[in-house]
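The values are calculated or read from the model by the stated rules, or taken from the named source; none is laboratory data. Fair warning: this is a prediction, and the values are worked out from it, not measured in the lab. All Cβ positions, even for glycine, are placed from backbone atoms using ideal geometry, and neighbour counts span all protein chains on display. To get the accessible areas, we keep the full protein, side chains included, count just its heavy atoms, and leave off ligands, DNA and RNA. Shrake-Rupley method; radii C 1.70, N 1.55, O 1.52, S 1.80 Å.
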Amino acid sequence: MVTTRLVLHSRFAVGEVSPLIFGGFLEHLGRSIYQGVYDPQSSHADADGMRTDVIEALRELALTVVRYPGGNFASGYHWRDGIGPRESRPAVRELAWQSLEPNTFGTDEFIALCRKLDWQPMIAVNLGTGSPEEARDWVEYCNAPTGTRDADLRSANGSPVPHAVPFWCLGNEMDGPWQLGHVPAEQYAIRAQQAAKMMKDVDRGIATVACGSSAPGMPTFLEWDRNVLEHLGALADYVSLHRYVGNPNDSPEDYLALSNSIDRQIEAVDACTRYVQERLRLPKRAYLCFDEWNVWYRARGGVHSDGRGRFAPHLIEERYNLEDALVVAIFLMSFIRHADSVKIANLAQLVNVIGPLLTRRDDLLKQSIFYAFRMVSARKAGVSLRGAVDGSGYTSERYGAVNYLDHAAVLDGDRLHVFAVNRHVEDAMQLTVECADREIAGVADSEILHADLKAENTFDEPEVVTAREFGGWVTNGNAVADLPPHAFVATTFRMA
């Protein structure tokens, strides 16, 4: 057994944890929308065609903000195709995923879904094949009071009260050659600046998210971000980060060490935003919006990404095991540790397409990553604390040296939320949690996610990997527990 001490102090604060890091993402891709959240033919459909079983499962995740309609889809999407009477909406050949898009789910349906689940909507405008003026008009449709063309159009479509969409992404992954309308950084920056200026002129209360480089492995990484942020200046409230990860070499030790790489990506982009703020003498900096992140590596390329002109094809449908769930927890813990810079994050995606939920006709399955996300999201409020780790570790092949413990801690008044992953794949860990200036009086609640590393939930066996009560803590000023190997524990302590 390995032994590890996690030492905290209530004054060693990183910053308030933004509730918006517990966000999601819905794209018109595969079965994410159709046969996912929206399926009028399902026995679970409500009066609006939304699947109530999916809605109730999503409610468990306590999501705060959801991004729509893409993703790559956004760069070919024209929002006017998805409003008004459904019988008048055109069916189009969607080029990002080569699928048939009937446009029966659009802006107003998305807003209705957000209202059902108390999500803040985030919309990505089309800066690929669309124009800055089209983006401006979409803001007017969603946010302006009646009395103008597009606001009156919204009212005519059944919503006289503005939708009040607070967050707007200025395109998607425009540095990627795969993206419709891909251009060099300078050209994207001009397009984004023009759009942001007009969008904010329509509604000065909105926040914009500039496209950052689409991955740290891209040749555009950081230089693209710097260029775009310098051009946009104060018009960019956030800059986007994207990251998809996996375990293609089947090395769980290496896989579970990727927190180093996530941390480095965040810190590098954070440094870039701070540089631009000082370089331009801006009164505020752009914060980080990690608006696409997840495990995705099995269902990539080829048949997984080509809809071949079909409606709601099965695309990018990953099956997740325990080690994938541990990595989802590792992402969220990194966001918490960087609470001073990461203010929004969106798990991509939510249903069927690399999602925590899978549908099969009228059946619904909660995958392993569903529970990892829920365990953290249920304990979202408070201030992130810096932790000192005293314990052994190992050196991974790709990501370098790590402690066996990966962690995050959040102090919320007289409650302390501690998240811990034992990365040791063979040995248990005796973990001691200490708060230097306060005593731990007891355990309010604690959950554990643990099974075989390769275990996964199926429609026939849906609860192989699920969160269960963890009663292993002993408290006496400090807290001590034995964590099984390759396990994730989320605990709320009562503080004296």
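Solvent exposure of the stretch 367-410 amounts to 34 Å² per residue of accessible area, where only protein heavy atoms count and the probe is 1.4 Å. Measuring gaps between exposed loop sites in the chain (trypsin sites (Lys or Arg not before Pro); DSSP loop; at most 15 other Cβ atoms within 10 Å), the longest gap, sites not included, is 12-203. Across every direction, the projection of the convex hull enclosing the Cα atoms of the stretch 397-436 has a mean area of 4.0 nm².
Computing the accessible area with a 1.4 Å probe over protein heavy atoms, can you report the carbon and sulfur percentage for the chain? Working shown, then result.
Values: 8720 of 17860 Å².
In the chain, the share of accessible area belonging to carbon and sulfur is 49 percent.
Shape analysis of the stretch 245-310 places it in the oblate category; the axes a ≥ b ≥ c from the Cα gyration tensor give an a/c of at least 1.5, with a/b not above b/c.
With the other protein chains left in place, how much accessible area per residue, in square angstrom, belongs to the stretch 194-300 at a 1.4 angstrom probe? Show your work: numbers first, answer last.
On the way: 4140 Å² over 107 residues.
I get 39 Å² per residue for the stretch 194-300.
Proximity of backbone amide H atoms, modeled 1.01 Å from N, is registered between Val66 and Gly24, Gln120, Met122 at under 5 Å, excluding neighbours fewer than 5 places apart on the same chain. Note on Lys200: aspartates and glutamates with a C-alpha under 20 Å away, same-chain residues under 8 apart excluded, are Glu133, Glu134, Asp137, Glu140, Asp150, Asp152, Glu230, Asp237.
Entry note, the chain: relative contact order of 20 percent, from Cα contacts under 8 Å with a spacing of 6+ residues. Scoring 246-252, 441-447 by mean Cβ neighbours within 10 Å over their residues and listing the highest first yields 441-447, 246-252.
Skip the ligands, DNA and RNA, and give the accessible area per residue of the stretch 1-127 with a 1.4 Å probe, whole Å². Display every interim value, and only then the final one.
Numbers: 4350 Å² over 127 residues.
I get 34 Å² per residue for this part.
Counted by Cβ distance under 10 Å from Glu469, the other residues give a net charge of -1, where Lys and Arg count +1 and Asp and Glu count -1.
Please report the relative contact order for the stretch 50-166, taking Cα pairs under 8 Å with a sequence separation of at least 6, and give it as a percent rounded to a whole number.
Details: 146 pairs, mean separation 30.8, N = 117.
Worked out over the stretch 50-166, it gives 26 percent.
When its C-alpha radius of gyration is set against 2.2 N^0.38 Å (N residues), the chain gives a value of 0.96. Structure note, pairs Lys284/Lys380; Lys116/Lys284; Lys197/Lys366: Cα-Cα distances above 30 angstrom occur for Lys116/Lys284; Lys197/Lys366. Per-residue ellipticity at 222 nm computed for the chain from its helices equals -7500 deg cm²/dmol, with DSSP H segments shorter than 4 residues left out and the rest contributing -39,500 (n - 2.57). Of the chymotrypsin sites (Phe, Trp or Tyr not before Pro) found in the stretch 132-219, those in coil by DSSP whose Cβ has at most 15 other Cβ atoms within 10 Å are Trp178.
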